[in-house]
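Q: Below are the C-alpha cells for one structure; questions will follow.
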Amino acid sequence: ATVYLDLRDTVRTEHNEEGLLALAFHPRFASNGWFFVFYSASGPRRGVLARFRADLEHPERALRASETVLLEAPKHWGNHNGATLLFGPDGNLYLSLGDGGSAGDPLNAAQNLGSVLGKILRLDVDHEAGGRPYAIPADNPFADVPGARPEIWAYGLRNVWRMSFDRATGELWAGDVGQNRWEEIDRIVRGGNYGWRLREGRHEFKSGRATVPLLDPVLEYGRDQGACVVGGYVYR
C-alpha cells in the first residue's frame, strides 16, 4: 500500500474527537478526480471542509497542493464535530456537523439558523456562486431567509456522527448521539427541526419554546440499553 494523502501537517488531534473525520469521493471521480474531506484544524480551532484532486496520471496518490477550502466551522471546544460527508441521489454534498461541543449546547447553536453547528448542510459542489467555492441549491429551505445560513438542510441536532441514504428510497437516515440519557435515530427531511437542545430524543432537556413543530425520532433508546448511537446503513 502507498500513502494516498498525508494531512498530518494540518489536522488537529488534540482532543480525542478531533482528527480527519470524513471523506467522500465525487460521483464523477473517475473523470474529475475530486474528493472531499472534513477535518479538525488549529489556529483558530475549527472544522474544515476541503476539496482535493487526485493525480489522474498517478491515481494511487492525491495532489496535496490541490486543496481548496470550501467551508470552515468555528469551534470553542474539541468535541461534537460530527461528521459524515456523502453525496445524495440529487448529486449534492451533505455534511453533518455537531453542535460545537462542551455539554448541553451552551451556545444554543443547534437552534440558531445563523450557525452551521448542530446542522446537516447541503451544497452544490459542481458550481460556484455568491463568492463561494460552491453554490447553494435553490431548494435549500433557508436559502432566502435573512440571517440564516443558506447551506442548512436540517437542524436541531446534537452530534450526528454517521448518516446514510437508503439506496432503495433515497431517504436520509441519521444517528444523533444523546447527552447522557437518550439516543435517537432520525429520518432527515428538508427544513426539519429535530429539537436539540430543547429536548433529548422525545424528552425535554432544556426549557424553551420552539418556533416550529419539532420532529420526533423514528426510534430512541435509553442508555440502559446501550451506549451512544454511532450510525450505520439502512439495509434489507
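Q: Please go through the range 30-45 and give me each residue that is closer than 20 Å to LEU63 by Cα and either surrounded by 15 or more Cβ atoms within 10 Å (Cβ to Cβ) or under 18 Å from the mean Cα position of the chain (by Cα) (or both), ordered by number. Don't jump to the end; show me each part of the working.
A: Taking the range 30-45 as the starting set, the residues that turn out to be closer than 20 Å to LEU63 by Cα are 30-41.
Listed by number, the residues that qualify are GLY33, TRP34, PHE35, PHE36, VAL37, PHE38, TYR39, SER40, ALA41.
Residue by residue, here is whether (1) open to solvent by 30 Å² or more (accessible area, probe 1.4 Å); (2) part of a loop (DSSP other than H, G, I, E, B); (3) over 22 Å from GLY82 (Cβ atoms) holds:
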site: HIS127; (1), (2), (3): yes, yes, yes
site: ASP144; (1), (2), (3): yes, yes, yes
site: GLY147; (1), (2), (3): yes, yes, yes
site: ALA154; (1), (2), (3): no, no, no
site: ARG158; (1), (2), (3): no, yes, no
site: SER164; (1), (2), (3): no, no, no
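Q: Can you tell me which of (1) open to solvent by 60 Å² or more (accessible area, probe 1.4 Å); (2) more than 15 Å from LYS119 (Cβ to Cβ); (3) out of contact with any Asp or Glu (no Cβ under 7 Å at 6 or more places or on another chain) is the one ARG61 doesn't meet?
A: Every condition holds for ARG61 apart from (3).
Q: With the requirement that a residue be open to solvent by 10 Å² or more (accessible area, probe 1.4 Å) and in a loop (DSSP other than H, G, I, E, B), what does the range 110-125 give you?
A: Listed by number, the residues that qualify are ASN112, LEU113, GLY114, SER115, LEU117.
Q: Among the residues of the range 1-46, what is the count of those that are within 10 Å of ASN81 (Cβ to Cβ) and among the polar types (S, T, N, Q)?
A: Residues that pass the stated criteria total 1.
Q: Checking the condition under 23 Å from GLU151 (Cβ atoms), crowded, with 20+ Cβ neighbours inside 10 Å and modelled with pLDDT of 95 or more, which residue from PHE87, PHE52 passes? Quick ask: steps written out before the conclusion?
A: Numbers: PHE87 fails: crowded, with 20+ Cβ neighbours inside 10 Å.
Being under 23 Å from GLU151 (Cβ atoms), crowded, with 20+ Cβ neighbours inside 10 Å and modelled with pLDDT of 95 or more holds for just one of PHE87, PHE52, which is PHE52.
Q: While we're on this one: Can you list the strands (runs of 3 or more DSSP E) lying wholly within the range 167-236 that have 1 or more residues being under 21 Å from LEU121 (Cα atoms) and open to solvent by less than 40 Å² (accessible area, probe 1.4 Å)? It would help to see each step written out before you state the result.
A: Working: elements: 172-176, 182-188, 219-222.
In the range 167-236, 172-176, 182-188 are the strands (runs of 3 or more DSSP E) which contain 1 or more residues that are under 21 Å from LEU121 (Cα atoms) and open to solvent by less than 40 Å² (accessible area, probe 1.4 Å).
The values are calculated or read from the model by the stated rules, or taken from the named source; none is laboratory data. Bear in mind that the values here come from a model prediction, so they are computed numbers and not experimental data. Positions of Cβ are backbone-derived with ideal geometry, glycine not excepted, and every protein chain shown enters the neighbour counts. The protein model used for the area step is the full one, side chains on, heavy atoms only, and it has no ligands, DNA or RNA in it. Shrake-Rupley method; radii C 1.70, N 1.55, O 1.52, S 1.80 Å.
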